Amino acid sequence: MARSVSAIAHAKVNLHLGVGPLREDGYHELVTVFQSLSLHDELTLTEVDGEGPVASLDAHGNPEVPEDDRNLAWRAVEKLSAWHRDNGGDALPAVAIDLLKGIPTAGGMAGGSADAAATLRAYNALLPVAAPEEVLWRIAAELGSDVPFTLVGETQLGTGRGENLTPMLSTGTYHWALAFAKEGLSTPAVFGKLDQMERTPHLDTAELAAALRSGDVHQVARLITNDMQAAALSLRPQLRRTIEAGERAGALRGIVSGSGPTCAFLCEDAETAAEVAGELGLYGKATTATGPARGAYVKESK
Ligand code: ATP
């Protein structure tokens, strides 16, 4: 029987996103605090006849999600299968990738990155000899700046491009309401806008780290920082009204998630998050989520 492995890919928010200067390699120096959220995609890799390493990718007609080698999940399989081959492994069957999106595409929630991380875990489970964790790490960092975080999840301090991670102690569960936009925002476009703006980067996360250790949601809400928000709001001014609507509905704090356009609202408890999502749902798609959540993981087969 064809072997099949499913894995879960969790979204993220940045509780702090400090954007430093543009480096010579074209990336910005970041100081960021990631929190993984319960919101997720599910990927299933199934061994099939055909040419590999990836025979096909099915995103169920989602028009924004590429179904070829532009998809980060596809590229994750290519890279891990190349590692297997370079290490003397036998030829492997091709895989078909089934991708069920729950994370908005181009929404500032690292959806594509999380899919890559979950695919690395799933494909690794199909290898006759699994790659060690450090190989997954290296491939993750090659695939994109947010992929290493989505591999491990929880709450992490990210530096460099965001790929150098240090676990942070975080107490308690955080309740979020999320408002999705109909149309995504391109992360490079938001960085481009930011580079034209006069600004002072916020690179100190010490106070936020203390608030997360104590689990004080009010302090965390007060300290949330996103240097990309001004640029995202400048490209999509209507997001300001979304943030105001969520805060009016009872959220402690509303922010643009990463490069946007998803808006994330930190709430005092699960009931308030449901009320805020209900109110935001009058204007567009909205949901609730909790954090921190795990990194990408393989689902136990039933
Ligand atoms: P980040 O928060 O890491 O900046 P994002 O969440 O804003 O990313 P993604 O959902 O990763 O953005 O999508 C950005 C682009 O990447 C999409 O417009 C799409 O063309 C491409 N893409 C590649 N792989 C995927 C995938 N698995 N799911 C969705 N989009 C993907």
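The values are calculated or read from the model by the stated rules, or taken from the named source; none is laboratory data. The structure presented is a predicted model; accordingly, all values stated were derived computationally and were not measured. Because the Cβ atoms are built from the backbone with ideal geometry, glycine has one as well, and the counts that use them run over all protein chains shown. Side chains are part of the model used for accessible areas, which takes the heavy atoms of the whole protein and leaves out ligands, DNA and RNA. Shrake-Rupley method; radii C 1.70, N 1.55, O 1.52, S 1.80 Å.
Computed quantities for the displayed model
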item: Per residue convex hull volume, Cα atoms of segment 168-226, in Å³; result: 125
item: Ranked order, 269, 115 - accessible area, probe 1.4 Å, largest first; result: 269, 115
item: Protection-proxy order for peptides 149-162, 241-254, each taking the mean of Cβ atoms within 10 Å per residue, highest first; result: 149-162, 241-254
item: Rule-of-thumb Rg ratio for the chain [Cα; 2.2 N^0.38 Å; N residues]; result: 0.99
item: Segment 174-291 - percent relative contact order, Cα under 8 Å, separation 6 or more; result: 43
item: Environment charge at residue 65 (Cβ cut-off 11 Å; Lys +1, Arg +1, Asp -1, Glu -1); result: -4
item: Relative contact order for segment 1-111, counting Cα pairs under 8 Å that sit 6 or more residues apart, in percent; result: 33
item: Centre separation in Å (Cα based) which lies between segment 50-112 and segment 127-189; result: 17
item: Links that overshoot a 28 Å alpha carbon limit, given the list 79/193; 12/193; 182/299; result: 79/193; 182/299
item: For segment 4-167, alpha-carbon Rg over 2.2 N^0.38 Å; result: 1.02
item: Mean Cα-pair separation over length for the chain, i.e. relative contact order, pairs under 8 Å, 6 or more apart, %; result: 26
item: Rounded to the nearest 10 Å², the accessible area of residue 79 at probe 1.4 Å; result: 70
item: Net charge contributed by nearby residues that have their C-beta within less than 11 Å of residue 123 (K/R +1, D/E -1); result: 0
item: Residues whose placed amide H lies under 5 Å from that of residue 48, excluding near-sequence neighbours; result: 94, 95, 96
